[in-house]
1. Could you please give the count of residues in segment B:589-622 that are at pLDDT below 80 and within 8 Å of another protein chain (Cβ to nearest Cβ)?
2. Only one residue in B:T479, B:T501 is surrounded by fewer than 16 Cβ atoms within 10 Å (Cβ to Cβ), of a type in the set (V, I, T) and farther than 30 Å from A:A115 by Cα, so which one is that?
3. Among the residues of segment A:327-346, is any in contact with a Phe, Trp or Tyr (Cβ under 6 Å, 6 or more places away or on another chain), within 12 Å of chain B (Cβ to nearest Cβ) and of a type in the set (K, R)?
4. Just checking, does segment A:297-315 include any residue being free of Cβ contacts under 8 Å to residues at least 24 places away in the same chain and either facing chain B (nearest Cβ under 8 Å) or in a helix (DSSP H, G or I) (or both)?
5. Every residue in segment A:172-182 that is surrounded by 24 or more Cβ atoms within 10 Å (Cβ to Cβ) and assigned to a loop (DSSP other than H, G, I, E, B), please.
6. In segment B:264-306, what residues are surrounded by 13 or more Cβ atoms within 10 Å (Cβ to Cβ), farther than 28 Å from B:T425 by Cβ and at pLDDT 90 or above?
7. Having 1 or more residues that are among the aromatic types (F, W, Y) and at pLDDT below 80 is the bar; report the strands (runs of 3 or more DSSP E) wholly within segment B:12-86 that clear it.
8. Here are some conditions: (1) assigned by TED's automatic domain parsing to the domain that holds A:V44; (2) modelled with pLDDT under 95; (3) part of a strand (DSSP E or B). A:I169 meets all but one. Which one does it not meet?
Amino acid sequence: MKMIHCADLHLSEDEKEYALSVLDAIVAVTVEEKADLLVFAGDVFNTFHDVEILSGEFRKRVGTLTCDVLVLPGNHDLQGIGANKIDRVDFGNQVIALTQQPFQLIERCGVEFLAIPFQRSLKDYVNWPVPPKAPGKRRVAIAHGTVADMAIYTGGSDEVEDGAMDSNIFTRFQADYVAMGHIHGRRFQSFGSTLIHYPGSARVWRQHEDGPRGVNLVTIDDRVAVEFRELKSSGQYYHYAIPVSLDGKIDIAPAVAEGWGIKDWVSIECLGIVEDQGLVVQAEEALRKQYKSRVRKFNIDHPGLSIAAGIAAHPLAEKFLEIWKGKEPVDPKGREIWLKARELGLIAIKEELESRHD
Amino acid sequence: MIKKINIDKFGKFSRKEISLGPVTVFHGKNEAGKTTLFDAIFYALCAPGKANVEGKNLHARYGDAPECKVVLEFLAQPRHYDPRSFLDLYAIRESDIRFEPVQGSDWMQALKNNLFSGGIDPEPMRRKFMQRADDKKGSFKHNKVLHNTLKWRDQLADELAGFIAKKTALLSDEATAHQSEGRSQELDEQIKVSIGTIDRLKEELGLQDNIVERKNNNMIMQEIDAAESIDRQISGLELYQVNAVAEIDAIEQTIKNIGDDVQRKTAAASVAQDEWRRAKTAMDRSEDDRRHFSNFLSISGANISKIKDFLIRQSQIRKIIWDLRLIGAAAGCIVIGGGACFLTKSFIPELTGMVIAVILMALARKLTTGGDAETERKFIEEIRSEVAVRTGASITLVSTTLESLQAEIYQKIDLENDVRGRALTAKASEFKQREADVSEKELLRTEAVELLSAQENTRRQWLERYRVGSRDDYAVKRTEYAGLLLRKAESAKKIQVIKDTAGLQDMSTLRLDAERKLKVLDEKAVPQEGWSDTEVRQLRFKIENETAHLKGLEATQSGIAKDMAGNVGKVMGGLADIPEKIVALERQILQADKEIETMQVEIKAYKMLGDIFGAFSHDASQVLGRLGHAVAAEFGDIIPAWKKIRVADLKQGSILVDDAAGALRTAEKLSTGAREAFILGIRLILALRSGDASQKHILVLDEPFRSLDPDKEMAMISLLKKFIDDHGWQLIIFTFDERTVKNLTSAFAGAVVNYL
């Protein structure tokens, strides 16, 4: 049995065209891989309002598939007025909406599916009357939440706050593969014979979701095999911390900019110290004009920039920058320290000058 | 600017007042008191204490302060100097031209700052950076935060490890609890035997229960099938959801009403037709009668005329008889020979025939009688009598002679003819009336039939719409639909009970569950049918007996089981909150790590800053080369050859100078004049750059040009003049040399010269 496992598509009215293009790519990979099943592990839509607005578009697209489609509600699908009516939404004929709380057990393609929709608390899972796995059968769990044992050091994400669950829930109920959604970063881990996978969000939904976006192709027979299929049409998120020169110049290497695609989200954070904030704003505006139409989103800002008028001409600052430049390291960590030193040094000189004026 | 010096009991001077200008020259031979005056100015400007070398020297030379008095009058604000700074920067004596100022003095640091750091001393900044970079000390707030954060992170990590350990322990406890459940049964052999007995009985009961379960699950499957079948059937009978019986009943009633009407109108039409037929028959008869009569009249008319004639001309009788014979036969009388007889049965009662018969008879008689009156009378009598008898007295002849009889008969014939004509008219009239009546009735009937047909069409359409053959068929379907709804409700109740019992609300899950259970039962080869209720009850009774028998042992066992269940409960309760706590802790650790990383980057950045600012200090002597540039900038046009001076240190021997050939040599290696002039330049630049450049200072020179030849002295004075002109400082010079006085007064117009 071949199954496409994707999650956190966040279809929304705001970026309808982009989000639907990602859905198209998911449908295309399902057809291309001749998958027997397409599984959405939650947050197909951004809010319940988006469910109401875009379920027709969703229906139209998955309606072209010949295989069954399983849709599990995530916290975002259940967000907003009327979300309790999600089980009445028409997602299409071949779509099975797994809305039943706290769990639902169905069988498709000879495999058992234990569906666990998003819920704030899963404290009583030990008492759930889940029937034991039938002899000789494979069982796939589909869930939306944070697996506590997997979340450590995964980078900042709002999602981890809700729906905490233990890997024990899946080992206890004998799942061979767990199709997870909720955490937008891609990761997986084995717990005994249970393999838990987050494919990550199928699209770039917000800042700092870097790395390729895609879906898992899961083959289930005597063993469970998982391959990641990147969705090029989702684009990627790129973040750059660029030190601004004292005269407000922002230097983006042309080679870097040439690597950006039309679906990418580029975020630039201008760092350091500058003599005139207006020059930075102008430089930012110029870059914005240059790149805005070449990528999906182009954010540029200078949240932590310090301003010190006339500092460039000060002999101490001149001498400091001259020596500082000579210490430029090659490794990224050293570079981060080096950039920080420039910022802190110039700020210290600025403060010294200000205290003298006082 | 010092305006006046009042000096008393200082060296050789007592009660002396000296006026000063912007440039003041003191001229005197050796021992004239130039050095004493220099010291007096130094004493007045700097008030050196006994603690330092200069103060000690001064007091040793001139005695204690109370005996010495030097008062300076200033043009503007009085000015005072630190003794070391004054001697290093603002006082140049012959010996000082050798330039060996004391390193590390305040003015030196200020000079460095002014020259190289825009007035900022980098050293305190360096120290501050290094302190911040020292993450071991933690004395700074910054490092305290780091240490606290590291401590916090360790605490969080410990807490997390604690929760993970707790979880592992709980899961282990759970496993242990489950295992000990099995082990406890093995501990007590007696219990084991008893339980074995009970188990065997229970096994049998279990089999029976399994059979019941099979039945139950079969029932569940049947109920699910039934529910689905009902749903399918209902969906097939949705047409009958709305009750349309009243509609069809109304149609049927209308059809019935119209049908009755049609029947009535058909009967009426039939009656009218009967009446019409009867009228027609009567009319036909009447017409036949009248035609018959007319025929007779027309057929016999000529003969009757002949009869008339005959009655007058007897000779023609025979011939007439023959002619009338056929008519007579038709009329029911036969004329034989001279006589005539009535054929009684075939006698035509109608008058025409009778008349003809009478005439025939009369003719026959007359033929026989030959005209005898009496005979004729008798004969007429007989005829009258016979006619009366024959017509039932309806025709009564009164004539007594043949002629009158003939007339009378004609009269009656006419009368009868009239009667028949009228009768025919009457019958024809009635016939027409009946015919109109029939048409009317037929029309009414046809209209009713059409109405009926329309209603029947409506009924046909209704039946087609509901796909039934009749109203009863529809009613059957309705009943079937209502029955299905009832069955659905009943089925739903049953299904709900099943769902509640199974704890599964989804039909597909329920079906899957039942199928799986049945499969398991199949695998166990559980039979379809089991014992009777009575037999099962007996089995249960046996088990209860056995259970009661082992009550004490079982109580102990149950206590153990209870404890174990409690432990499992604790495990479950303990596990419930752990994931959320782990996630929360991981989140906090992540945050702490980020903060720590940020702070560690800052610490390393401070370390780098400390190194960079340290390089400023180490670099200071090298950077002091700028003094050379400053000299070049200040006095370049006067001593252009020394543009490339680099000061290695603030010692004469460490001043490196490019000579004319471009070779680098120490200042000591320069010619005396060049070296002195250059060092004066250095001294002036030092004085200028070491203090506050916006202030106008006092420059005191004691025999500065003593060793110089006249050309070099002029060069030095030019250098000095440029400086004084550029910066407006007050200049006080002591010299023994007349030539120098002359050179100075010619260089500085308005210079005050005091002779000592």
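1. At the first step, the residues of segment B:589-622 found to be at pLDDT below 80 are B:615-622.
Now drop any that are not within 8 Å of another protein chain (Cβ to nearest Cβ), which leaves B:615-616.
Residues flagged as at pLDDT below 80 and within 8 Å of another protein chain (Cβ to nearest Cβ) within segment B:589-622 amount to 2.
2. Working: B:T501 fails: farther than 30 Å from A:A115 by Cα.
B:T479 is the lone residue from the list that is surrounded by fewer than 16 Cβ atoms within 10 Å (Cβ to Cβ), of a type in the set (V, I, T) and farther than 30 Å from A:A115 by Cα.
3. yes
4. Here is the first cut: in segment A:297-315, the ones free of Cβ contacts under 8 Å to residues at least 24 places away in the same chain are A:313, A:315.
Checking which are either facing chain B (nearest Cβ under 8 Å) or in a helix (DSSP H, G or I) (or both) leaves us with A:313, A:315.
For segment A:297-315, residues free of Cβ contacts under 8 Å to residues at least 24 places away in the same chain and either facing chain B (nearest Cβ under 8 Å) or in a helix (DSSP H, G or I) (or both): present.
5. A:A175, A:H182
6. B:R264, B:K265, B:T266, listed by residue number.
7. B:69-74
8. (3)
The values are calculated or read from the model by the stated rules, or taken from the named source; none is laboratory data. Computed from a predicted structure; not experimentally measured. Cβ sites come from the backbone with ideal geometry, for glycine too, and all protein chains shown count toward neighbours.
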